[in-house]
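Working notes, beginning with the structure itself.
The values are calculated or read from the model by the stated rules, or taken from the named source; none is laboratory data. Just so it is clear, the structure is predicted and the values come from calculations on it, not from any experiment. Heads up, the Cβs are rebuilt from the backbone with ideal geometry, glycines too, and the neighbour counts pull from every protein chain shown.
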Amino acid sequence: MLKAKSLEDSDGQVRLAAFLALSGVPASADAGKALFAALDQPNLTLDQWMVDAAKIAASNHHTSFLASARPEQIAAARQALKNPTLPTLTLADFENSPVGALTGWDVQLTSGAARAQVVATGRTSSRSLELKAAASGGDIRVSRKVAVKKNTRYDFSYYVKTQDVVTQKKSLGALALFPEIQRARPAMGVAMKDTADWSRMRLQFDTGEFEEITLECVLGYEGTVAGTAWFDEITLTDLGPSDETIAQPLQVVLGHVIQQQSGSGLGAASDSLGGVELKLGVIPDVMKYDVAELSVKAGEKVRLTFQNKDHMQHNALILSPGRVDAVGALADAMLTDPRALSKNYVPDSPDVLFFTPLVNPGETYVLAFTAPSQPARYPIVCTFPGHWRMMQSVLVVK
Ligand SMILES: [Cu+2]
């Protein structure tokens, strides 16, 4: 395969297959060198999945991969690691807004009685937006236009706090959303109700053809609620073009390997990673992991790379044998826990042996752990609301 130059093949799929193949073979000097050469080309762009595959392959052959890098390339990759800042746009923090009013927003009382104003308390600062519905119920939305780049991925983040929010019929509670950005439903945060302290909501979306979208903060939504909600620190982070190309893949992959090797003997001659590399992915749109089972030896060191190629968040919990239903019931019960999101929907249970946090669409998380010493079939399950019955795999410990 190395001779066939498949790493430099003009067909991206062939290159991806080659990278993936390299991640599954024993560490070899030729493979690391060839991978480095394939990435070390001016003006090379790769999509993010290929960059992720290249990271795994480069980790597997890190000794020869790093040995191929010139000192200035290492220096540039280290520098990039120090400054991973993406452009973040603050849409609203209300800090300069007069208290007791709401200027610059359209306020729409959809039904019932409710009001919107800036108040003199914030999450970490001195102002936030308050939406307050009467005890008899109200549905209110405040909105403003936001300029965005076309065909660009954004990470949307905001903080919300609620007090005594009681939903009625079909209403959702307190949430922020962009109604123009449609998937199955508008791009919206998880709706909050009851009483909950400041919680961060995040979601990612693609602007498509839009250059202007509407930010809405809503209390109610398709029905009235009683209670009060506060919104603060509403931001959009530009994640780059939605064709998902990464302009300097070599620097990104090199940075990944440097970070991984720091503290474990950078440039050591022997393979210092140790343990076994496992991969778990998600099949888009069907709420399923992409493998039925993974297997390891008892007591072995494991690095599980969980890659979420789906459009929604998922996690992966490794459970005690036979405890899927018990942990699933605890996950269902978390639907009424206002801190569920901040707990990544991971139930407090001794049956949860290892877990990843919620992994955003397009992101990858590496979970390192030591496999149990007891050979058995350990369930792997996603506890994002509604997923656990469908979304299961097994870690077979032999
Ligand atoms: Cu899931």
Test result for SER349, assigned to a loop (DSSP other than H, G, I, E, B) and either at positive phi or over 22 Å from the mean Cα position of the chain (by Cα) (or both): yes
Only unsatisfied item for MET312, checking (1) within 14 Å of the ligand (Cβ to nearest atom); (2) over 23 Å from LYS161 (Cβ atoms); (3) part of a helix (DSSP H, G or I); (4) hydrophobic (A, V, I, L, M, F, W, C), is (3)
Screening GLN79, GLN73 for residues that are modelled with pLDDT of 85 or more and of a type outside the set (Asp, Glu) leaves only GLN73
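Based on what the data block shows, is LEU294 more than 16 Å from the ligand (Cβ to nearest atom), modelled with pLDDT of 90 or more and among the aliphatic types (A, V, I, L, M)? Spell out how you get there, then give the answer.
On the way: more than 16 Å from the ligand (Cβ to nearest atom): yes; modelled with pLDDT of 90 or more: yes; among the aliphatic types (A, V, I, L, M): yes.
In short, yes.
Please determine whether any residue of the stretch 48-60 is in a loop (DSSP other than H, G, I, E, B) and out of contact with any Phe, Trp or Tyr (no Cβ under 9 Å at 6 or more places or on another chain).
Kept after step one, since they are in a loop (DSSP other than H, G, I, E, B), are these residues of the stretch 48-60: none.
Within the stretch 48-60 (the criterion being in a loop (DSSP other than H, G, I, E, B) and out of contact with any Phe, Trp or Tyr (no Cβ under 9 Å at 6 or more places or on another chain)), the answer is no, since none of the residues qualifies.
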Those residues of the stretch 161-174 that are more than 16 Å from SER111 (Cα to Cα) and either modelled with pLDDT under 90 or touching a His at 6+ places or on another chain (Cβ under 7 Å) (or both) come to a total of 0
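In the list ALA326, ALA331, which residue meets the criterion of being of a type outside the set (Phe, Trp, Tyr), more than 17 Å from LEU304 (Cα to Cα), without any contact (Cβ under 8 Å) to a residue 60 or more places away in the chain and away from the ligand (no atom under 16 Å from the Cβ)?
Numbers: ALA331 fails: away from the ligand (no atom under 16 Å from the Cβ).
Every option except ALA326 fails the conditions.
Condition test on TYR378, is it crowded, with 19+ Cβ neighbours inside 10 Å, modelled with pLDDT of 85 or more and away from the ligand (no atom under 13 Å from the Cβ)? Even if it seems obvious, please write down each step before you answer.
On the way: crowded, with 19+ Cβ neighbours inside 10 Å: yes; modelled with pLDDT of 85 or more: yes; away from the ligand (no atom under 13 Å from the Cβ): yes.
So TYR378 fits the description; yes.
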Filtering the stretch 275-311 down to residues that are within 18 Å of VAL396 (Cα to Cα) and among the aliphatic types (A, V, I, L, M) yields VAL276, LEU278, LEU280, VAL291, ALA292, LEU294, VAL296, ALA298, VAL302, LEU304
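Please state which one of ARG144, ARG115 is over 29 Å from the mean Cα position of the chain (by Cα) and surrounded by fewer than 16 Cβ atoms within 10 Å (Cβ to Cβ). Give the steps one after another, and end with the answer.
Values: ARG144 fails: over 29 Å from the mean Cα position of the chain (by Cα).
The unique qualifying residue is ARG115.
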Just one listed residue, out of LYS279, LYS301, is surrounded by fewer than 16 Cβ atoms within 10 Å (Cβ to Cβ), more than 14 Å from the ligand (Cβ to nearest atom), not acidic (Asp, Glu) and not assigned by TED's automatic domain parsing to the domain that holds ALA196, and it is LYS301
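Quick check on SER342: is it polar (S, T, N, Q), outside the structural domain of VAL257 (by TED's automatic domain parsing) and more than 23 Å from the chain's Cα centre (by Cα)? Steps first, please.
Numbers: polar (S, T, N, Q): yes; outside the structural domain of VAL257 (by TED's automatic domain parsing): yes; more than 23 Å from the chain's Cα centre (by Cα): no.
Criteria not met by SER342.
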| Of the residues that make up the stretch 355-374, is at least one modelled with pLDDT of 90 or more, within 12 Å of the ligand (Cβ to nearest atom), buried (at least 20 other Cβ atoms within 10 Å of the Cβ) and on the phi < 0 side of the Ramachandran plot? | no
By residue number, the members of the stretch 87-115 that are touching a residue at least 40 places away in the same chain (Cβ under 8 Å) and either more than 27 Å from VAL148 (Cβ to Cβ) or in a strand (DSSP E or B) (or both) are THR88, LEU89, THR90, LEU91, ALA92, THR110, SER111, GLY112, ALA114
Only unsatisfied item for PRO284, checking (1) away from the ligand (no atom under 14 Å from the Cβ); (2) over 15 Å from PRO379 (Cα atoms); (3) modelled with pLDDT under 90, is (1)
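Checking the condition buried (at least 21 other Cβ atoms within 10 Å of the Cβ) and either farther than 23 Å from ARG200 by Cβ or not acidic (Asp, Glu) (or both), which residue from THR124, THR110, THR152, THR162 passes?
Working: THR124 fails: buried (at least 21 other Cβ atoms within 10 Å of the Cβ); THR110 fails: buried (at least 21 other Cβ atoms within 10 Å of the Cβ); THR152 fails: buried (at least 21 other Cβ atoms within 10 Å of the Cβ).
Testing whether each residue is buried (at least 21 other Cβ atoms within 10 Å of the Cβ) and either farther than 23 Å from ARG200 by Cβ or not acidic (Asp, Glu) (or both) leaves just THR162.
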